[in-house]
Amino acid sequence: MTPTTATPGLTPPEIIYPSSDGKPMAENTKQGRWITLLYSNLCSVFHDRNDVFVALDNYWFPVEGEPDVVFAPDVYVVFGRPKGHRSSYKQWLEGDIPLTVVFEILSPANTREEMDAKFLFYDEHGVEEYSVYDPDTNKLDIRIRGAQTLYRVNDIKSFKSPKLGIRFEMTKPEMTVYGPKGFPFLHLEEEKQDRKRLAELSRKARRGQATPEEIAELERLEDESA
(Lines give C-alpha, C1' and ligand atoms only; values in the text may rest on other atoms or scores of the structure.)
Protein backbone atom coordinates (compact mmCIF):
# COMPACT_ATOMS: atom_id res chain seq x y z
CA MET A 1 0.00 0.00 0.00
CA THR A 2 1.42 3.41 -0.99
CA PRO A 3 1.66 5.72 2.04
CA THR A 4 -0.41 8.89 1.96
CA THR A 5 1.74 12.02 1.74
CA ALA A 6 0.52 15.29 3.21
CA THR A 7 0.62 18.54 1.24
CA PRO A 8 2.31 21.33 3.23
CA GLY A 9 -0.29 23.54 4.88
CA LEU A 10 -3.12 21.03 4.39
CA THR A 11 -4.61 18.57 6.86
CA PRO A 12 -3.81 14.95 5.88
CA PRO A 13 -6.90 13.01 4.82
CA GLU A 14 -8.52 10.99 7.56
CA ILE A 15 -7.93 7.25 7.34
CA ILE A 16 -11.20 5.33 7.54
CA TYR A 17 -11.23 1.96 9.26
CA PRO A 18 -14.61 0.40 8.41
CA SER A 19 -16.52 -1.57 11.01
CA SER A 20 -18.49 -3.70 8.53
CA ASP A 21 -18.18 -5.10 5.02
CA GLY A 22 -21.95 -5.28 4.60
CA LYS A 23 -21.94 -9.09 4.47
CA PRO A 24 -23.96 -11.30 6.84
CA MET A 25 -22.23 -12.79 9.87
CA ALA A 26 -22.99 -16.31 8.63
CA GLU A 27 -23.78 -17.78 5.23
CA ASN A 28 -26.27 -20.29 6.64
CA THR A 29 -27.91 -21.37 9.89
CA LYS A 30 -25.44 -24.20 10.51
CA GLN A 31 -22.48 -21.83 10.36
CA GLY A 32 -24.29 -19.27 12.50
CA ARG A 33 -25.16 -21.93 15.07
CA TRP A 34 -21.52 -22.85 15.57
CA ILE A 35 -20.33 -19.26 15.65
CA THR A 36 -22.80 -18.39 18.40
CA LEU A 37 -22.02 -21.62 20.30
CA LEU A 38 -18.31 -20.77 20.50
CA TYR A 39 -18.87 -17.08 21.20
CA SER A 40 -21.50 -17.45 23.93
CA ASN A 41 -19.76 -20.29 25.73
CA LEU A 42 -16.33 -18.64 25.59
CA CYS A 43 -17.91 -15.50 27.06
CA SER A 44 -19.18 -17.70 29.91
CA VAL A 45 -15.81 -19.41 30.39
CA PHE A 46 -14.06 -16.05 30.81
CA HIS A 47 -16.88 -14.03 32.38
CA ASP A 48 -14.84 -13.43 35.54
CA ARG A 49 -11.64 -12.51 33.71
CA ASN A 50 -11.48 -8.75 33.10
CA ASP A 51 -8.32 -9.20 31.03
CA VAL A 52 -9.86 -11.47 28.38
CA PHE A 53 -11.80 -10.02 25.44
CA VAL A 54 -14.07 -12.28 23.34
CA ALA A 55 -15.70 -11.12 20.10
CA LEU A 56 -17.32 -12.41 16.92
CA ASP A 57 -17.36 -11.21 13.31
CA ASN A 58 -15.24 -8.18 14.22
CA TYR A 59 -12.68 -6.52 11.93
CA TRP A 60 -9.06 -6.82 13.04
CA PHE A 61 -6.71 -4.07 11.85
CA PRO A 62 -3.18 -5.10 12.92
CA VAL A 63 -1.31 -2.20 11.26
CA GLU A 64 -2.01 1.48 11.85
CA GLY A 65 -2.46 3.46 8.65
CA GLU A 66 -3.25 0.38 6.54
CA PRO A 67 -7.03 -0.17 6.55
CA ASP A 68 -6.74 -2.67 3.68
CA VAL A 69 -4.75 -5.02 5.92
CA VAL A 70 -7.76 -6.58 7.60
CA PHE A 71 -9.78 -9.72 8.23
CA ALA A 72 -12.86 -10.40 10.37
CA PRO A 73 -12.55 -13.73 12.22
CA ASP A 74 -15.77 -15.56 13.03
CA VAL A 75 -14.80 -15.73 16.72
CA TYR A 76 -11.67 -14.57 18.49
CA VAL A 77 -10.19 -14.27 21.98
CA VAL A 78 -7.56 -11.80 23.16
CA PHE A 79 -5.67 -12.27 26.42
CA GLY A 80 -4.38 -9.13 28.09
CA ARG A 81 -7.15 -6.79 26.91
CA PRO A 82 -10.19 -5.59 28.88
CA LYS A 83 -13.77 -6.37 28.06
CA GLY A 84 -15.85 -3.66 26.42
CA HIS A 85 -17.48 -2.53 23.18
CA ARG A 86 -15.34 -2.14 20.05
CA SER A 87 -16.51 -1.38 16.52
CA SER A 88 -13.29 -3.07 15.38
CA TYR A 89 -10.05 -4.29 16.94
CA LYS A 90 -7.33 -1.73 16.13
CA GLN A 91 -4.18 -3.35 17.45
CA TRP A 92 -2.19 -0.13 17.96
CA LEU A 93 -4.90 1.05 20.36
CA GLU A 94 -4.78 -2.26 22.28
CA GLY A 95 -1.21 -2.17 23.57
CA ASP A 96 -0.12 -3.68 20.22
CA ILE A 97 -1.48 -7.04 21.42
CA PRO A 98 -2.58 -9.30 18.53
CA LEU A 99 -5.50 -11.71 18.64
CA THR A 100 -4.57 -14.73 20.75
CA VAL A 101 -7.00 -17.37 19.46
CA VAL A 102 -9.04 -17.33 16.24
CA PHE A 103 -11.88 -19.61 15.10
CA GLU A 104 -13.29 -19.84 11.59
CA ILE A 105 -16.43 -21.84 10.77
CA LEU A 106 -16.53 -22.91 7.13
CA SER A 107 -19.49 -22.42 4.83
CA PRO A 108 -19.91 -23.64 1.22
CA ALA A 109 -19.04 -20.11 0.03
CA ASN A 110 -15.52 -20.23 1.48
CA THR A 111 -12.88 -20.96 -1.16
CA ARG A 112 -9.48 -22.59 -0.72
CA GLU A 113 -7.81 -19.35 -1.83
CA GLU A 114 -9.72 -17.37 0.80
CA MET A 115 -8.82 -19.77 3.60
CA ASP A 116 -5.17 -19.88 2.52
CA ALA A 117 -5.11 -16.07 2.65
CA LYS A 118 -6.64 -16.08 6.13
CA PHE A 119 -4.08 -18.57 7.41
CA LEU A 120 -1.19 -16.50 6.06
CA PHE A 121 -2.69 -13.34 7.58
CA TYR A 122 -3.19 -14.87 11.03
CA ASP A 123 0.23 -16.50 10.92
CA GLU A 124 1.99 -13.28 9.91
CA HIS A 125 0.24 -11.13 12.51
CA GLY A 126 0.88 -13.26 15.59
CA VAL A 127 -2.17 -15.43 16.30
CA GLU A 128 -1.17 -18.19 18.73
CA GLU A 129 -3.98 -20.67 18.05
CA TYR A 130 -6.03 -20.94 14.87
CA SER A 131 -8.88 -23.44 14.37
CA VAL A 132 -11.06 -24.05 11.31
CA TYR A 133 -14.17 -26.22 11.65
CA ASP A 134 -16.27 -27.51 8.77
CA PRO A 135 -19.69 -28.48 10.18
CA ASP A 136 -20.74 -30.12 6.90
CA THR A 137 -17.95 -32.71 7.02
CA ASN A 138 -17.17 -32.57 10.77
CA LYS A 139 -13.52 -31.77 10.01
CA LEU A 140 -11.39 -29.70 12.38
CA ASP A 141 -8.04 -28.15 11.49
CA ILE A 142 -6.04 -26.78 14.43
CA ARG A 143 -2.80 -24.79 14.22
CA ILE A 144 -0.73 -23.65 17.20
CA ARG A 145 2.28 -21.39 17.19
CA GLY A 146 5.71 -22.90 17.38
CA ALA A 147 8.99 -21.03 17.54
CA GLN A 148 8.19 -18.95 14.45
CA THR A 149 5.01 -20.05 12.73
CA LEU A 150 1.67 -21.82 13.14
CA TYR A 151 1.88 -25.57 12.64
CA ARG A 152 -0.86 -28.16 12.21
CA VAL A 153 -1.85 -30.45 15.09
CA ASN A 154 -2.07 -33.95 13.63
CA ASP A 155 -3.91 -35.83 16.39
CA ILE A 156 -7.13 -33.95 17.17
CA LYS A 157 -9.50 -36.75 18.22
CA SER A 158 -9.27 -35.21 21.68
CA PHE A 159 -7.36 -31.96 21.74
CA LYS A 160 -7.08 -29.50 24.64
CA SER A 161 -6.37 -25.87 23.76
CA PRO A 162 -3.20 -24.73 25.56
CA LYS A 163 -4.49 -21.14 25.68
CA LEU A 164 -8.19 -21.59 26.43
CA GLY A 165 -8.22 -24.80 28.47
CA ILE A 166 -11.18 -26.10 26.43
CA ARG A 167 -11.21 -29.53 24.80
CA PHE A 168 -12.36 -30.60 21.33
CA GLU A 169 -13.73 -34.14 20.86
CA MET A 170 -14.01 -35.45 17.29
CA THR A 171 -15.24 -38.98 18.08
CA LYS A 172 -18.93 -38.30 17.31
CA PRO A 173 -20.78 -37.32 14.11
CA GLU A 174 -20.56 -33.69 15.31
CA MET A 175 -17.74 -31.95 17.15
CA THR A 176 -18.17 -31.63 20.90
CA VAL A 177 -16.44 -28.85 22.83
CA TYR A 178 -15.90 -29.11 26.58
CA GLY A 179 -15.17 -26.23 28.93
CA PRO A 180 -12.26 -26.19 31.42
CA LYS A 181 -14.45 -27.86 34.06
CA GLY A 182 -15.38 -30.71 31.74
CA PHE A 183 -18.93 -29.65 30.87
CA PRO A 184 -19.94 -29.54 27.19
CA PHE A 185 -20.59 -26.30 25.35
CA LEU A 186 -24.33 -26.04 24.76
CA HIS A 187 -26.23 -24.56 21.86
CA LEU A 188 -28.91 -22.04 22.82
CA GLU A 189 -31.77 -24.51 22.40
CA GLU A 190 -29.95 -27.12 24.52
CA GLU A 191 -29.27 -24.54 27.22
CA LYS A 192 -32.96 -23.62 27.34
CA GLN A 193 -33.92 -27.29 27.67
CA ASP A 194 -31.42 -27.75 30.50
CA ARG A 195 -32.76 -24.70 32.34
CA LYS A 196 -36.31 -26.01 32.01
CA ARG A 197 -35.25 -29.42 33.27
CA LEU A 198 -33.29 -27.82 36.14
CA ALA A 199 -36.38 -25.89 37.26
CA GLU A 200 -38.52 -29.05 37.05
CA LEU A 201 -36.10 -31.16 39.09
CA SER A 202 -35.65 -28.38 41.65
CA ARG A 203 -39.41 -28.30 42.26
CA LYS A 204 -39.54 -32.09 42.68
CA ALA A 205 -36.57 -32.03 45.06
CA ARG A 206 -38.16 -29.31 47.23
CA ARG A 207 -41.34 -31.40 47.45
CA GLY A 208 -39.38 -34.55 48.32
CA GLN A 209 -40.61 -36.27 45.16
CA ALA A 210 -37.28 -36.65 43.30
CA THR A 211 -35.76 -40.10 42.81
CA PRO A 212 -32.03 -40.70 43.52
CA GLU A 213 -31.40 -40.64 39.77
CA GLU A 214 -33.19 -37.30 39.48
CA ILE A 215 -31.20 -35.89 42.42
CA ALA A 216 -27.98 -36.91 40.66
CA GLU A 217 -29.21 -35.26 37.44
CA LEU A 218 -30.15 -32.13 39.38
CA GLU A 219 -26.70 -31.90 40.92
CA ARG A 220 -25.08 -32.29 37.50
CA LEU A 221 -27.24 -29.55 35.99
CA GLU A 222 -26.55 -27.28 38.95
CA ASP A 223 -22.81 -27.81 38.50
CA GLU A 224 -23.08 -27.04 34.78
CA SER A 225 -25.16 -23.95 35.49
CA ALA A 226 -22.65 -22.71 38.05
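The values are calculated or read from the model by the stated rules, or taken from the named source; none is laboratory data. Just so we're clear, the structure is a prediction, and the values are computed from it rather than from any experiment. Quick reminder, even Gly has a Cβ in these numbers, built from the backbone with ideal geometry, and neighbours come from all protein chains shown. Only protein heavy atoms, including side chains, enter the accessible area calculation; ligands, DNA and RNA are left aside. Shrake-Rupley method; radii C 1.70, N 1.55, O 1.52, S 1.80 Å.
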- [ ] Taking only the range 182-210 into account, find how many residues are open to solvent by 60 Å² or more (accessible area, probe 1.4 Å) and modelled with pLDDT of 80 or more.
- [x] 5
Open item on the list: For the condition aliphatic (A, V, I, L, M) and open to solvent by 40 Å² or more (accessible area, probe 1.4 Å), what is the one hit in LEU150, LEU120, LEU140, LEU164?
Closed with: LEU120
- [ ] Go through the range 163-173 and give me each residue that's in a loop (DSSP other than H, G, I, E, B) and under 18 Å from TYR39 (Cα atoms).
- [x] LYS163, LEU164, GLY165, ILE166
- [ ] Of the numbered conditions (1) in contact with a strand residue (DSSP E or B) (Cβ under 9 Å, 6 or more places away or on another chain); (2) open to solvent by 70 Å² or more (accessible area, probe 1.4 Å); (3) at pLDDT below 85; (4) not β-branched (Val, Ile, Thr), ARG49 fails exactly one; give the number of that condition.
- [x] (3)
TODO: Within the range 123-134, track down each residue that is open to solvent by 20 Å² or more (accessible area, probe 1.4 Å) and in contact with a Lys or Arg (Cβ under 7 Å, 6 or more places away or on another chain).
DONE: GLU128
Open item on the list: Residues to consider are PRO82, PRO73; find the one that is of a type outside the set (D, E, K, R), modelled with pLDDT of 95 or more, assigned to a loop (DSSP other than H, G, I, E, B) and under 13 Å from the mean Cα position of the chain (by Cα).
Closed with: PRO73
Open item on the list: Report every pair of residues separated by at least 6 positions or lying on different chains whose Cβ atoms are under 7 Å apart, first residue within the range 14-33 and of a type in the set (Phe, Trp, Tyr), second surrounded by 13 or more Cβ atoms within 10 Å (Cβ to Cβ) and at pLDDT 75 or above.
Closed with: TYR17/PHE61; TYR17/PRO67; TYR17/SER88; TYR17/LYS90
TODO: Report the residue count in the range 111-162 for those that are outside any loop (DSSP other than H, G, I, E, B) and more than 18 Å from GLN31 (Cα to Cα).
DONE: 19
Task: Residues of the range 86-110 satisfying the condition of being open to solvent by 50 Å² or more (accessible area, probe 1.4 Å), at pLDDT 95 or above and in a loop (DSSP other than H, G, I, E, B) - done: GLY95, ASP96
Open item on the list: Given the criterion closer than 23 Å to LEU106 by Cβ and acidic (Asp, Glu), identify the matching residue among ASP68, ASP51, ASP74.
Closed with: ASP74
